[in-house]
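*Asks:* Just passing along the structure, written as structure tokens.
Derivation of every value follows stated rules applied to the coordinates shown; laboratory data play no part. As the structure is a computational prediction, the values presented were derived from the model and not from experiment. Neighbour counts are summed over all protein chains in view; Cβ atoms, including those assigned to glycine, are modelled from backbone coordinates with ideal geometry.
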Amino acid sequence: MRHVLKRAGLGIAAAMTCAGLMAGLAGCTSDGGLDIGIGGKGRSPEDTIRVTPDDGAKGVAPDGRVEVRVPSGRLERVKVVKVEDSQPVEVPGAISEDGLRWRPAAGARLALAAKYSVDAVALDAHGRRSARHTTFTTAVPEHRFIGYFKPENRSTVGTGMIVSFGFNRPIENRAAVERAIRITSRPAVEVSGHWFGKERLDFRPRAYWQPGTEVTVDLRLRDVEGAPGVYGIQHKTIGFTVGRSQVSRVDAEKHTMEVRRDGELVKTLPITAGAPKTTTYNGKMVVTELFDVTRMNGATVGFKKKDGKGEYDIKDVPHAMRLTDSGTFLHGNYWAPRSTFGTANVSHGCVGLHDEKGGSEDSPAGWFFERTLIGDVVEVVNSTDRKVSPDNGLGGWNMDWAHWRAGSALR
């Protein structure tokens with residue numbers, strides 16, 4: 001059993017939802033229109049961990065209040081980090097002696113035009129864990145734009161990684177902005193951009209990256225006019241390395257997941273997928289976040305009892321791996337009977353692996369979690385749901401190369 005994972009770039013906690021599963025943010029996807037963006041733009045009345053600024057807040061001042069608190073119990077760990085930058089930087093701070101509050105160290109200030117993540121885990125009076133994950137962005141100078149990007153600089157990622165930019169303002173001159181972002185690799189491959197609307201630009205090669213590829217992203221957006229009178233401020237170079245190949249195939253009908261490394265079958269794991277009324281998306285999805293523990297609450301996606309509380313509220317979902325922005329996760333499940341895995345689909349759209357309360361490294365979920373990188377591909381087949389949208393998470397591999405290239409502003 002373990003509760004803390006010491007892995008570079010690993011998120012501590014998140015709040016989200018899935019079948020028989022979790023709480024605090026949005027939920028697992030389904031064919032019944034349940035496609036709510038995870039990230040919890042609202043606050044559940046059942047939240048035990050209160051975070052300031054609110055999740056998804058924009059334009060936070062550099063000297064704005066940052067605080068994490070609980071009404072009772074104690075905070076076990078809190079981490080506030082500037083992410084999606086040339087170098088992640090942790091905000092120094094400390095938990096109060098009574099364990100009820102975390103605040104930044106005296107004199108600490110937030111950076112302008114930056115994105116921050118807040119990860120917190122708390123214990124109640126009975127030693128039960130609850131987790132919360134939020135993000136916010138700070139103020140961008142007037143008449144300027146910035147692109148928040150994935151993956152993190154200097155990270156090692158899976159072969160399915162897609163370079164994704166989210167802009168803080170609508171981009172009208174998309175060709176100029178796309179031209180100012182240059183992506184090269186060793187060994188060299190053709191990389192093309194694809195716009196999803198005016199605020200998101202993704203880049204990928206024709207096929208998955210080869211293991212060992214070194215990728216460089218040159219941002220030359222400073223003074224590029226993205227919209228009338230709005231100019232870029234970024235001028236930096238970032239890079240990442242592609243690790244080993246791991247592609248996992250979930251068969252919703254057979255209730256199995258085949259894990260392949262470099263094309264060879266390593267292990268077949270029993271799973272549970274979305275129930276008949278809350279099915280799992282088909283298609284290729286990419287792991288974008290890893291959480292050793294997270295919370296999932298049915299109330300955030302409409303699964304409520306008559307008293308308004310969630311039909312389920314699991315505050316310590318172990319080994320959670322995000323697959324889509326709308327809330328599809330592959331995660332550990334300790335509350336379903338072990339006989340469920342490999343025989344039945346009972347979730348609200350997520351893919352579940354057997355686990356133990358607290359998270360066991362020896363469980364199927366623990367085994368898979370320890371061997372997963374951001375950027376690994378999980379493909380779901382034989383579900384009765386539709387195929388996941390290319391803009392839902394890093395779902396761009398569900399679009400053929402011709403259509404992908406047609407979405408570039410440079411064609």
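*Asks:* With a ≥ b ≥ c the root eigenvalues of the C-alpha gyration tensor of region 208-360, is it rounded (a/c under 1.5), prolate (a/b larger than b/c) or oblate?
*Replies:* Because a/c hits 1.5 or more and a/b fails to exceed b/c, region 208-360 counts as oblate.
*Asks:* Quote the FRET efficiency, to the nearest 0.05, computed for Leu265 versus Thr216 with a Förster distance R0 of 35 Å and r equal to the Cβ-Cβ distance. List each step's numbers first, then the result.
*Replies:* Values: r = 33 Å, r/R0 = 0.95.
Efficiency, rounded to the nearest 0.05: 0.55.
*Asks:* Take the Cα atoms of region 144-244, build their convex hull, and give its volume per residue in Å³.
*Replies:* Numbers: hull volume 8.0 nm³, N = 101.
Hull volume over Cα atoms, normalised by residue count, gives 79 Å³.
*Asks:* Among the aspartates and glutamates, which fall within straight-line cross-link reach of Lys267, defined as a Cα-Cα distance under 19 Å, with same-chain neighbours fewer than 8 residues apart omitted?
*Replies:* Hits, sequence-local ones excluded: Asp251, Glu253, Glu258, Asp355, Glu361, Asp362, Glu370, Asp376, Glu379.
*Asks:* Right, something else. Which pairs in the list Lys277/Lys309; Lys115/Lys357; Lys58/Lys150; Lys150/Lys387; Lys58/Lys277 are over 29 Å apart, alpha-carbon to alpha-carbon?
*Replies:* On the way: Lys277/Lys309 21 Å; Lys115/Lys357 32 Å; Lys58/Lys150 19 Å; Lys150/Lys387 23 Å; Lys58/Lys277 36 Å.
From the list (Lys277/Lys309; Lys115/Lys357; Lys58/Lys150; Lys150/Lys387; Lys58/Lys277), the Cα-Cα distance tops 29 Å for Lys115/Lys357; Lys58/Lys277.
*Asks:* Let me ask another. So if each residue of separation counts as 0.36 nm, and I subtract the Cα-Cα distance between Glu67 and Glu199, what length gain in nm does that give?
*Replies:* Working: separation 132, 0.36 × 132 = 47.52 nm, distance 2.93 nm.
Length gained, Glu67 through Glu199: 44.6 nm.
*Asks:* Need one word for region 99-161: rounded, prolate or oblate. Basis is the Cα gyration tensor (sqrt eigenvalues a ≥ b ≥ c); a/c below 1.5 gives rounded, then a/b vs b/c decides.
*Replies:* Working: a/c = 2.83, a/b = 1.36, b/c = 2.08.
It comes out oblate by the Cα gyration axes.
*Asks:* Where in region 261-295 does the amide nitrogen come within less than 12 Å of the point 7 Å from the Cα of Arg371, taken along Cα to Cβ?
*Replies:* 261-270
*Asks:* Can I ask one more? Taking the Cα centre of region 135-246 as origin, sum charge times position over the Cβ atoms of Lys and Arg (+1) and Asp and Glu (-1), and report the length of that vector in debye to the nearest 20.
*Replies:* Taking the Cα centre of region 135-246 as origin, the dipole is about 200 debye.
*Asks:* Local charge sum around Pro170 (other residues, Cβ-Cβ under 11 Å, Lys/Arg +1, Asp/Glu -1)? Don't jump to the answer; show the numbers that get you there.
*Replies:* Numbers: positive: Arg169, Arg174, Lys198, Arg200; negative: Glu172, Glu199.
Charge balance near Pro170 sits at +2.
*Asks:* Inverting the mean 1/r over all pairs of different Cα atoms, compute the Kirkwood radius of the chain and quote it in Å. Show your work: numbers first, answer last.
*Replies:* Values: mean 1/r = 0.0463 Å⁻¹.
That comes to 21.6 Å for the chain.
*Asks:* To continue, here is another question. Subtracting the Cα-Cα distance from 0.36 nm times the residue separation, let me have the gained length for Arg179 to Lys309 in nm, one decimal.
*Replies:* Gain in length upon complete extension: 41.9 nm.
*Asks:* Measure off 7 Å from each Cα along the Cα-to-Cβ vector at Ala344 and Ala402, then give the distance between these two points in nanometres to one decimal.
*Replies:* 4.6
*Asks:* Kindly state, to the nearest 0.05, the FRET efficiency for Glu253 paired with Trp335, given R0 = 30 Å and r defined as their beta-carbon distance.
*Replies:* So, using R0 = 30 Å, E works out to roughly 0.80.
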